[in-house]
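The values are calculated or read from the model by the stated rules, or taken from the named source; none is laboratory data. None of the values given here were measured: they were computed from a predicted structure. Here the Cβ is made from the backbone with ideal geometry for all residues, glycine too, and neighbour counts use every protein chain on show. Note: accessible area is taken over every heavy atom of the protein model, side chains too, but ligands, DNA and RNA are not part of it. Shrake-Rupley method; radii C 1.70, N 1.55, O 1.52, S 1.80 Å.
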Amino acid sequence: PKGSLRSTTRAQSAGVRNELDIDGFSIAVCAEIGVHLEKHRTRSFIELEEWGDRIEAYDLVVALSPAAQRKALEYTRYHAIEVEYWPMPDPSAVEGSRENRLDAYRHTRDQVLARLKARFGIPITPTV
């Protein structure tokens, strides 16, 4: 989701593919912390560019999966972009009860938030 890290910092989410719907468990656990993804849609790096978002305008791309890291590194051949890889567990791979699955999504959500706070040193204020 879009978010405001600082008045001069802009964040945008993108993935390798865009054909997937936002996962219902992601929507649920993000709503718990005030991030509303109901109207959010997935988009790829290519879509960001097609919609006028210039990848070279970003200083940093944070990749959460090996595929996203590979895609982001392709942009470093042409643009001065830093890429950081933050490996995260894939909560969609967890099976079991609804509560077990929600716990896996909460764990991943909390790991992302902790990494954001550690990297940027400030609380994140979503503006979805």
Only one of (1) modelled with pLDDT under 90; (2) open to solvent by 40 Å² or more (accessible area, probe 1.4 Å); (3) at negative phi does not apply to Ser97, and that is (1)
Hey, can you tell me all the residues within the stretch 77-88 that are more than 16 Å from Ala14 (Cα to Cα) and either hydroxyl-bearing (Ser, Thr, Tyr) or surrounded by 13 or more Cβ atoms within 10 Å (Cβ to Cβ) (or both)? Tyr78, His79
Considering the stretch 18-59, residues that are outside any loop (DSSP other than H, G, I, E, B) and either among the β-branched types (Val, Ile, Thr) or under 13 Å from the mean Cα position of the chain (by Cα) (or both), and then whichever is modelled with the highest pLDDT, we arrive at Val29
Would you check which residues across the stretch 60-73 are surrounded by 18 or more Cβ atoms within 10 Å (Cβ to Cβ) and in a loop (DSSP other than H, G, I, E, B) and list them? Leu64
